[in-house]
Amino acid sequence: MSYQHQDLFEKWFKIWEDLKIYQVSDLLPKEKKEYILVEFPYPSGSGLHIGHAFSFVGADVYARFQRMKGKNVLFPMGWDAFGLPTENYAIKTKSKPQEITAQNTATFKRQMKKLQLSFDWSREINTTDPQYYQWTQWIFIQLFKKGLAFKKEMPINWCPQCKIGLANEEVVDGKCERCGAEVTRRNISQWIVKITDYADRLLQGLEKTNFIEKVKRSQINWIGASEGAQIIFPIELSSSQKEKIEIFTTRPDTLWGATFMVLAPEHPLLDKILKVCSEKKNKEIKEYIKKSKKKSDLERVDLDKEKTGVFTGLYALNPVNKKEIPVWISDFVLSSYGTGAIMAVPAHDQRDWEFAQKFGLEIIPVIKPDQEWNFQEKAYVDVEKGTLINSGPINNLSPDQAFSKMINWLQEKGIGRSAKNYHLRDWIFSRQHYWGEPIPMIFCPQCGWQPAKEEDLPIELPKVERYHPTDTGESPLSQIKEWVETTCPLCGGPAKRETDTMPNWAGSDWYFLRYIDPQNQEKLVDLEKARKWLPVDIYIGGDEHNTLHLLYSRFIYQFLWDLGVVPSEHPEPYQKRISHGVILGPDSQRMSKSKGNVVDPEEVMGRFDKYGSDILRIYLMFIGPFEGTMAWNDQSLTGIKRFLDKIEKAIQSSLDFSSTKDNCSINPRMETILHQTIQKVSQDIKETKFNTAVAGLMEFLNEIRAQSQEKKISVKILENFLLLLSPFAPIFCEEQWQKIKSKSKSIFLENWPEFDSRLTQDKKIEFVVQVNGKVREKIDLSTGLKQKEVEEIIFALPQIKKYLLGKKPKKIIFLPDKLINIVI
RNA sequence: GCCGAAGUGGUGAAAUUGGUAAACACGCAUGGUUUAGGACCAUGUGCCGUAAGGCUUGUGGGUUCAAGUCCCACCUUCGGCACCA
């Protein structure tokens, strides 16, 4: 940043800070509150990049606008600072994650201030601060107490060479990112949070929100509720050992077409099957299970992949026709979805069909489609349409009718029931890493798992010398004996602490509550304060958080709502969610350090003598739609500089002309343009259409420059113009404002201009004349003319006569003050 | 694979939701100004055509007086997919 801008920045920053214009009081009336939330960043080592600047400036323009509209705006910022990159960096540089985080947040904050982001820093939070995460831990304890957190064996990615657990991101093409060894799956005992208990509420709650459609859709799809039936298939392992396989299906009406069954390789029945089968089979099955452990879920269900599987040698009974059907094992069935077992209806499911083809299994069509179909060629999957066949008593019914009939029948016979299944899976909450919130649980050999006492919170992360994950797959915390060994909160006997830490989501799913009451020592948040500020009026964030972060966050909020921690009148935390776009590197690739395409906002600001941050801010808002994805390209920056230069010049020449009295008369046309611009800019900012708001301001400047003779523009017009521009260019507008008003109060303490709707109407318009839908002429007309009057004028025009060729019009379409279309 | 979004000039993009396609800006061209360069000012700039005129919003079809916008089919690109945050 150049000296000139640096000086202005420091000058105004201090004045605004002293005025406390960004700080918001809890005492102001609730009616005028506006809670504007923008996702807090992960403070990486490379500093703020241009994408951060883009979304934060957008949120900031919106916040400044609302303040000037007289709203009591809560616009806070904090740090989501736990995470793998910091931990990895600490390992690499042999430094402490705490110190790195402190450095990174300091850099981020300094850069944010340079960008003139108007956050209320008195409410700053940091997820790695024990004063903050004691409440993250407190929430976990409540989840445990309500039975929503439990331990279970779950698979993780495991690198057998590095002997550590890997995040999905660290697995590239099935290989370890660090050493290149083949990654396997390994079961370890992990904390699971039962988000599925809230599936229905998370769905229904969406109706109360005003999220943009695509966000709602992604939440609905992720929860993925499907109606169907749970059905029991009996199976005989031996003459004395009778078992059953429970399956979930969305199409119980196709039960007559079920010709085989498939178990997931993790299915619990496999242990029993392995005991009864032949030695050869045993070996074959074990081999298959071992292989499937290497694959991720995504690979397993990939339709393009060749189906694999192994026959158990056993048969189950199809409950409708008592037919014996073979039981197979295949990894395209997931243990985490449904019951981990399926009935296969190869005629009407593509995956089942491929499996049947490969292993030569029977295919029985049970739905006859309306069009031609050969079941030897592919499955008929459009099962809502058609007629039931080969299905005994439900023949000739429609699939819908058959569905209800089957549910009733299954229930009567006691072999099945109506069931709802969710795509949503329970939340794996454990991480075997150091840099996260310790899970506040203690294992006592006598009393089992016990939560830490709430008065002992926070359970602080101990300072360690080594952060490297351990050979056993346990968290590095397990190495610190004096920390691990503790006493049982229940019986007082010797016990051990949980050494896993929480996922990154844990700290970020409730942070918006802490901003409301960041210093509270007694409670997570004061209920009265929460009542005043909730719900978040607008939540601005990236697409990548529209599904998971938002869902987890809503879940935790709903859980806290059940506990009575948050006000009962607000069952949902976020009123509106909008997602901002992404700025890609100049090469149209996602910005990343390794690609070397990261654009640094400080460098961009530094290119301009004066108004560095103002130019960058306006440019970012002008470059494209706020929701859009765009590649960084700084060609047009110079256009913004010209824009500001022109304004400065216009103001100077107006002041030179009339420093005391405003004797430039405002003509009616200028009045109209002013009010139209106030309307447009206000509306656009409200709808986060910042790019067209800026374009509107540019148009306004061009118009008033053209309208005013001798380049003198009325000071009143210029004042309004500066007010409209001020959310985009704070320093520039404040400087110019002071120039005009001399020793006035800050522009940010002024009110946003209001428009008069009577004055936004043009007196004259360009009227469009079409012949057969083609534009043939445009004429200047005064507004308010009736159809007859317009017809009289246009039929006299020689250009129009030419097109009519003396014929009589068949039809005339007339839109007042806009267009006439003559059809001949 | 599943889910979602998007295809408009040389470039970034607009288009009040069915009513003037290309606003605003960059770039480019010509002229002016300038010792030169830069900066600035003025004019022009979708494509074809000397012109009259014709054509134009990924491709093909449809609805309508009228389609970038609505409907059907197709092509292409991008994003998310549960341990990155």
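The values are calculated or read from the model by the stated rules, or taken from the named source; none is laboratory data. As the structure is a prediction and not an experimental result, all values here were calculated from the model. Cβ: placed from backbone, ideal geometry, glycine included. Neighbour counts: every protein chain shown.
A few points about this structure:
- Test: residue in segment A:478-498 that is at pLDDT below 95, more than 22 Å from A:L143 (Cβ to Cβ), within 14 Å of RNA strand B (Cβ to nearest atom) and not acidic (D, E): no
- Restricted to segment A:382-396, and to residues there that are surrounded by 13 or more Cβ atoms within 10 Å (Cβ to Cβ) and in contact with a helix residue (DSSP H, G or I) (Cβ under 7 Å, 6 or more places away or on another chain), the residue that is modelled with the lowest pLDDT is A:V383.
- Candidates A:S742, A:S746: the one that is surrounded by 15 or more Cβ atoms within 10 Å (Cβ to Cβ), of a type in the set (G, A, S), away from RNA strand B (no atom under 13 Å from the Cβ) and closer than 28 Å to A:N72 by Cα is A:S746.
- Contact annotation: residue pairs with Cβ atoms under 8 Å, 6 or more positions apart or on different chains, pairing a residue in segment A:740-751 that is without any contact (Cβ under 8 Å) to a residue 60 or more places away in the chain with a partner that is hydrophobic (A, V, I, L, M, F, W, C), are A:S744/A:W737; A:I747/A:L722; A:I747/A:L723; A:I747/A:C733; A:I747/A:W737.
- Filter pass, A:I247 being touching a strand residue (DSSP E or B) at 6+ places or on another chain (Cβ under 9 Å) and either outside any helix (DSSP H, G or I) or at pLDDT below 85 (or both): yes
- Meets criteria (at pLDDT 90 or above, within 12 Å of RNA strand B (Cβ to nearest atom), of a type in the set (G, A, S) and under 27 Å from A:T760 (Cβ atoms)) for A:A693: yes
- Answer residue from segment A:211-244, given it is in a loop (DSSP other than H, G, I, E, B) and surrounded by 16 or more Cβ atoms within 10 Å (Cβ to Cβ) and is farthest from RNA strand B (Cβ to nearest atom) among those: A:L237
- Test set (1) buried (at least 19 other Cβ atoms within 10 Å of the Cβ); (2) in contact (Cβ under 8 Å) with a residue 60 or more places away in the chain; (3) β-branched (V, I, T) - A:V73 fails condition number: (2)
- Top-ranked residue of segment A:626-636 - restricted to ones that are free of Cβ contacts under 8 Å to residues at least 40 places away in the same chain and near RNA strand B (Cβ under 8 Å from one of its atoms), ranked as surrounded by the most Cβ atoms within 10 Å (Cβ to Cβ): A:S636
- Residues in segment A:245-275 that are more than 43 Å from the chain's Cα centre (by Cα) and closer than 15 Å to A:A316 by Cα were compared, and the one that is surrounded by the most Cβ atoms within 10 Å (Cβ to Cβ) is A:I273.
- Residue in segment A:284-305 that is buried (at least 20 other Cβ atoms within 10 Å of the Cβ) and either modelled with pLDDT of 85 or more or over 41 Å from the mean Cα position of the chain (by Cα) (or both) present: yes
- Flag for A:K649 being near RNA strand B (Cβ under 10 Å from one of its atoms), at negative phi and buried (at least 18 other Cβ atoms within 10 Å of the Cβ): no
- Evaluating A:F375 against the criteria (1) more than 28 Å from A:I273 (Cβ to Cβ); (2) in contact with a helix residue (DSSP H, G or I) (Cβ under 6 Å, 6 or more places away or on another chain); (3) part of a loop (DSSP other than H, G, I, E, B) leaves one unmet condition, (2).
- The residues in segment A:158-177 that are near RNA strand B (Cβ under 10 Å from one of its atoms) and surrounded by fewer than 15 Cβ atoms within 10 Å (Cβ to Cβ) can be counted, and the count is 3.
- Test: residue in segment A:503-515 that is acidic (D, E), within 16 Å of RNA strand B (Cβ to nearest atom) and part of a helix (DSSP H, G or I): no
- Count of residues meeting criterion [in a strand (DSSP E or B) and of a type outside the set (F, W, Y)] in segment A:567-581: 4
- Taking the criterion of being of a type outside the set (D, E), within 16 Å of RNA strand B (Cβ to nearest atom) and over 16 Å from A:E153 (Cα atoms), the residues of segment A:427-440 that qualify are A:H433, A:Y434, A:W435, A:G436, A:P438, A:I439.
- Taken together, the residues in segment A:582-625 that are within 12 Å of RNA strand B (Cβ to nearest atom), among the β-branched types (V, I, T) and not in a helix (DSSP H, G or I) amount to 3.
- Scanning segment A:626-647 for residues that are among the aromatic types (F, W, Y) and under 30 Å from A:Y539 (Cα atoms) gives A:F626, A:W632.
- Note on segment A:184-210: among residues that are outside any helix (DSSP H, G or I), within 11 Å of RNA strand B (Cβ to nearest atom) and among the polar types (S, T, N, Q), the one that is modelled with the lowest pLDDT is A:N187.
- Considering only residues in segment A:403-422 that are within 16 Å of RNA strand B (Cβ to nearest atom) and surrounded by 16 or more Cβ atoms within 10 Å (Cβ to Cβ), the one that is nearest to A:L548 (Cα to Cα) turns out to be A:Y422.
- For segment A:64-91, the set of residues classified as farther than 22 Å from A:H52 by Cα and among the hydrophobic types (A, V, I, L, M, F, W, C) consists of A:M68, A:A90, A:I91, listed by residue number.
- Set side by side, the residues A:W373, A:W409, A:W328 differ, and just one is at pLDDT below 85 and of a type in the set (F, W, Y), which is A:W373.
- Residue count, segment A:752-767 (criterion: away from RNA strand B (no atom under 13 Å from the Cβ), hydrophobic (A, V, I, L, M, F, W, C) and either within 14 Å of A:L815 (Cα to Cα) or modelled with pLDDT of 85 or more (or both)): 2
- All of A:A149, A:A90, A:A102, A:A181 fail the test of being of a type in the set (G, A, S), more than 14 Å from RNA strand B (Cβ to nearest atom) and within 30 Å of A:E602 (Cα to Cα), apart from A:A102.
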